[in-house]
Amino acid sequence: MADIFDLSGRVAIITGGSRGIGKMIAEEFVKRGVKTYITSRKAEPCLKTAEKLSRHGTCVARPHDLANEEGMSAFVSDFSRRENHLDILINNAGAAWMTPFDDFPESGWDKVMNINLKSVFFLTQKLVPFLREQASADQPAKVINIASVDGLRPPRLETYSYAASKGGLIQLTRRMAKTLVDDHILVNTIAPGAFATDMNIHARDQPDAVSELIPAKRIGEPVHMAGTAVYMCSRAGDYLVGTTVTVDGGITGCNN
C-alpha cells in the first residue's frame, strides 16, 4: 500500500532554512528523501546547517538576501542552473521588531514587511514557472507560507509590523491559492505558536513561563512543525487549498 506521506524524490526550497522552524522542516524533508535547498541571508549558518543535514540525504545551501529584488533574482538564477522544476516551496524567512507604539520606527515597519510579506509574493512569482513545470492533478506542487498565531489574534507584545505582516500573509495566501489552483499549485499557510527559536526568544529562554500561557501547557517541538509540513506537502494534503493550519497548542482554538 502506497505511503500517503511519501515525499521521496521531490525538490524543495525552504527560505530561512538554516535555523528555527525552517530548519525543523528541512531536517525532516532531507530524511524523507527530498532534495532540499535552504537559503538565508547569512552564509555561514546556512552552509553549516546544510553540511549537518546532508548526513541524512541531500541538502544544498544557497545563501542569498531575499529581502530585495536583487537578492531574489540572484537566488532564482542560482536555482535555475541546478534544477528545471520545483515541487515544494516553503516561504519561511522572516523578521520581527518590537518597540512601544509611540516610538515604533518606520525602519522597523519596512524591514519586517519586506521580508515577511513582500518577498513572499515576489519570490513565489519568480518561482512559479518551476512549480508549474511538473505539477499535475495527481501530484500538485505545494507552496506553504509560514505565518503566525499573531496574524490570527492580537499579540501580547508590541510587534506591530510583525502582526500586520502575518495577518496579511494569511490573506495573501488565500488570494494566491485562488489564482494558482488551476495550475495545480496548492498554496496554504502554517500558523505556528510558541516554538523555541531565535525569533521567539521567550519560548526559547523561558519555556516554563510561556507554557503556562498555552492550553496544552508546553511549547511546540520540532516534530510538530515538521510533521505538519510533511502532511501538507504530501498526497495526504492534496485537498488543502488556501487553508491556514494552526500549530499552537490551543492558543487560538481555545481562545487563550
**OP:** Pick out the one residue from 110, 3, 103, 78 that is of a type in the set (Asp, Glu) and at pLDDT below 95.
**Re:** 3
**OP:** Specify which of the listed residues (199, 225) is within 15 Å of the chain's Cα centre (by Cα), under 21 Å from residue 18 (Cβ atoms), at pLDDT below 90 and of a type in the set (A, V, I, L, M).
**Re:** 199
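Quick one: in region 229-254, which of the residues that are assigned to a loop (DSSP other than H, G, I, E, B), of a type in the set (Gly, Ala, Ser) and out of contact with any Lys or Arg (no Cβ under 7 Å at 6 or more places or on another chain) is modelled with the highest pLDDT?
Let us first name the residues in region 229-254 that are assigned to a loop (DSSP other than H, G, I, E, B), namely 234, 238-243, 248-254.
Right, trim to of a type in the set (Gly, Ala, Ser) and you get 234, 242, 249-250, 253.
Now restrict to residues that are out of contact with any Lys or Arg (no Cβ under 7 Å at 6 or more places or on another chain): 234, 250, 253.
Values: 234: 98, 250: 90, 253: 82.
My answer is 234.
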Original post:
With 58, 15 as the choices, which residue is closer than 26 Å to residue 164 by Cβ and either of a type in the set (S, T, N, Q) or under 18 Å from the mean Cα position of the chain (by Cα) (or both)?
Top reply: 15
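Quick check on this structure: which one of 80, 119 is closer than 20 Å to residue 168 by Cβ, touching a residue at least 40 places away in the same chain (Cβ under 8 Å) and small (Gly, Ala, Ser)? Write out each step before concluding.
Values: 80 fails: closer than 20 Å to residue 168 by Cβ.
Sole residue among the options that is closer than 20 Å to residue 168 by Cβ, touching a residue at least 40 places away in the same chain (Cβ under 8 Å) and small (Gly, Ala, Ser): 119.
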**OP:** Could you look through region 153-169, keep only residues that are hydrophobic (A, V, I, L, M, F, W, C) and surrounded by fewer than 20 Cβ atoms within 10 Å (Cβ to Cβ), and pick out the one that is nearest to the chain's Cα centre (by Cα)?
**Re:** 164
Original post:
Just to be sure, is residue 149 more than 30 Å from residue 136 (Cα to Cα) and either buried (at least 20 other Cβ atoms within 10 Å of the Cβ) or at pLDDT 95 or above (or both)?
Top reply: yes
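Any residue at all in region 94-110 that is closer than 27 Å to residue 238 by Cβ and not basic (Lys, Arg)? Talk me through it step by step, then tell me what you get.
The first filter runs over region 94-110 and keeps only residues closer than 27 Å to residue 238 by Cβ, leaving 94.
Those still in the list that are not basic (Lys, Arg) too: 94.
Checked region 94-110: at least one residue is closer than 27 Å to residue 238 by Cβ and not basic (Lys, Arg).
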Original post:
In region 128-144, what residues are part of a helix (DSSP H, G or I) and in contact (Cβ under 8 Å) with a residue 40 or more places away in the chain?
Top reply: 128, 130, 131, 132, 133, 134
**OP:** Spot the failing condition for residue 111; the list is (1) surrounded by 17 or more Cβ atoms within 10 Å (Cβ to Cβ); (2) under 18 Å from residue 147 (Cβ atoms), and only one is missed.
**Re:** (1)
**OP:** State yes or no: is residue 27 surrounded by fewer than 19 Cβ atoms within 10 Å (Cβ to Cβ), of a type in the set (Asp, Glu) and out of contact with any Phe, Trp or Tyr (no Cβ under 7 Å at 6 or more places or on another chain)?
**Re:** no
Original post:
Out of all the residues in region 43-65, is one or more under 18 Å from residue 197 (Cβ atoms), modelled with pLDDT under 95 and in a loop (DSSP other than H, G, I, E, B)?
Top reply: no
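The values are calculated or read from the model by the stated rules, or taken from the named source; none is laboratory data. Here the structure is a predicted model, which is why all the values come from computation and not from measurement. Quick reminder, even Gly has a Cβ in these numbers, built from the backbone with ideal geometry, and neighbours come from all protein chains shown.
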